[in-house]
Amino acid sequence: MGANLIVKLRSGDQQNGSARSKSHRSGFGAKTPAADIVKDVDLTGKNVIVTGGYSGIGLETVRALAGAGAAVTVPARNREKAEEALNGVEGDVTIAVMDLADVASVRRFADDYVSSERPLHILINNAGIMACPEARVGPGWESQFGVNHLGHMALALELLPAMRKAGDARVVGLSSTAHIQGGIDSDDPHFQSRPYDKWATYAQAKSANALFAMGLDSREQANGIRAFSVHPGGILTLLQRHLPEEEMVALGWKNADGTMPPAVAALFKTPEQGASTSVWAATSVQLDGMGGVYCEDCDVARLADDGSQRWEHVRTWVCDPESAERLWKMSEDMLATA
């Protein structure tokens with residue numbers, strides 16, 4: 001997929017988990033706009049699904065991929081909001097109804113898509129919720145784990161026939177630097193016997209997104225499906241809607257007057273820049289023959305070391321195939337009850 005780019009490997013880069021891949025010099029940077037990623041890419045004839053594709057970086061992902069010629073389907077919980085947001089986006093964009101918090105809804109959407117007999121070339125699991133008040137979805141699942149991980153896992157599994165038909169498909173799951181706060185608590189993933197912590201469960205869900213990509217890639221690469229996880233970077237969007245202003249000030253993301261500190265502004269990205277790593281992972285020929293890796297800033301992420309900053313590189317617990325297998329089996333059991 002994508003333009004014929006020359007891959008030059010950096011000598012000495014650390015490996016990202018078990019995929020034994022090395023970072024590239026992709027030619028793009030942390031703040032490359034998503035449209036630049038596909039400037040020389042022709043996606044005519046490619047079918048794409050982008051969850052959460054009507055706000056923030058999801059909207060910019062749709063704009064870039066549709067602009068490159070792809071036929072993009074945006075499953076949306078609120079069709080009216082999606083229609084309003086996507087009005088004016090150029091290209092072939094279709095809206096369908098789906099709610100990631102409702103696995104039956106996910107399965108209906110996927111069944112309809114598979115029944116259409118269209119091949120699916122790219123699935124971008126972009127939608128998500130962050131640091132929200134405690135809530136339950138499905139058969140009592142904690143909402144962040146349920147929506148961000150289990151809903152997307154159900155979607156990907158139900159869409160496998162369409163992706164296998166494509167013969168060359170990619171799945172991109174949005175993880176986050178939040179994964180550094182911790183991995184999966186397999187004893188109590190839904191906070192049933194411990195106090196709810198909105199950041200701990202967000203970290204768990206984002207770790208799950210990365211581990212799911214590993215698990216899916218290991219199972220489906222023989223069928224032509226490769227999976228990746230990406231950290232889009234720091235971006236202020238509706239994802240922060242559950243955070244009060246005073247908390248964002250305490251986190252250092254904003255000043256008391258609502259402005260952004262210069263150091264944060266230099267680090268954070270616009271939504272269009274935040275979409276670039278998803279678009280790169282979905283289309284770049286530099287990733288041909290690879291999968292299961294965690295990407296950031298339009299590159300395969302380095303494994304973190306003592307010199308890594310809090311917001312960069314990937315931690316070992318989301319690059320561990322044994323952890324990916326434990327999560328897969330646990331999640332399969334959960335989905336079987338939904």
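Sorted by average packing, counted as other Cβ atoms within 10 angstrom per residue and highest first, what order do 44-54, 297-307 take?
The peptides rank, most packed first, as 44-54, 297-307.
Check which residues have an amide H placed less than 5 Å from I95's amide H, if you skip close sequence neighbours.
It is V74, by chain and number.
Relative to 2.2 N^0.38 Å, what does the C-alpha radius of gyration of the chain come to as a ratio? Two decimals please.
0.92
What number, rounded to the nearest 500 deg cm²/dmol, is the helix-based mean residue ellipticity at 222 nm of the chain, given -39500 (n - 2.57) per DSSP H run of at least four residues and division by all its residues?
Using -39500 (n - 2.57) per qualifying helix, the result is -9500 deg cm²/dmol.
What residues have an amide H closer than 5 Å to that of R25, excluding those fewer than 5 places away on the same chain, when H is modeled at 1.01 Å from N in the peptide plane?
K8, R10
Out of residues 5 or more away from V293 or on other chains, whose amide H comes under 5 Å of its own, with H placed 1.01 Å from N in the peptide plane?
The list, which skips near neighbours in sequence, is S229.
Can you tell me what share of the DSSP beta bridges in the chain is antiparallel? A percent to the nearest 5 is fine.
Here the share of antiparallel DSSP bridges comes out near 15 percent.
Based on a Kirkwood Rh over C-alpha pairs, give the Stokes-Einstein translational diffusion coefficient of segment 43-102 at 20 °C and viscosity 1.002 mPa s in µm²/s.
In µm²/s, the coefficient rounds to 193.
What ranking, highest mean first, results for peptides 218-228, 200-210 when packing means the other Cβ atoms within 10 Å averaged over each residue?
200-210, 218-228
Of R170, R310, R25, how do they rank once you tally other Cβ atoms within 10 Å and put the fewest first?
Least to most surrounded, the residues fall as R310, R25, R170.
Using R₀ = 41 Å, calculate the FRET efficiency as 1/(1 + (r/R₀)^6) where r is the Cβ-Cβ separation of D257 and D40; round to 0.05.
0.45
Please give, to one decimal in nm, the separation of the simple spin-label points placed at W317 and D112, each 7 Å out from Cα toward the Cβ.
Taking the simple label geometry, W317 and D112 are separated by 3.9 nm.
In nm, give the distance between the simple-model label positions of E134 and D305, each being 7 Å from the Cα along the Cα-to-Cβ direction.
Simple spin-label model gives 4.2 nm for this pair.
Compute a Gaussian network model of the chain, connecting alpha carbons closer than 10 Å, and tell me which residue from S284, S276, S115 fluctuates the most.
S115
Every number in this text was worked out from the coordinates using simple rules, so none of it is lab data. Given the structure is predicted, the values throughout are model-derived calculations rather than measurements. Every residue, glycine as well, gets a Cβ built from its backbone with ideal geometry; the counts of neighbours run over all protein chains shown.
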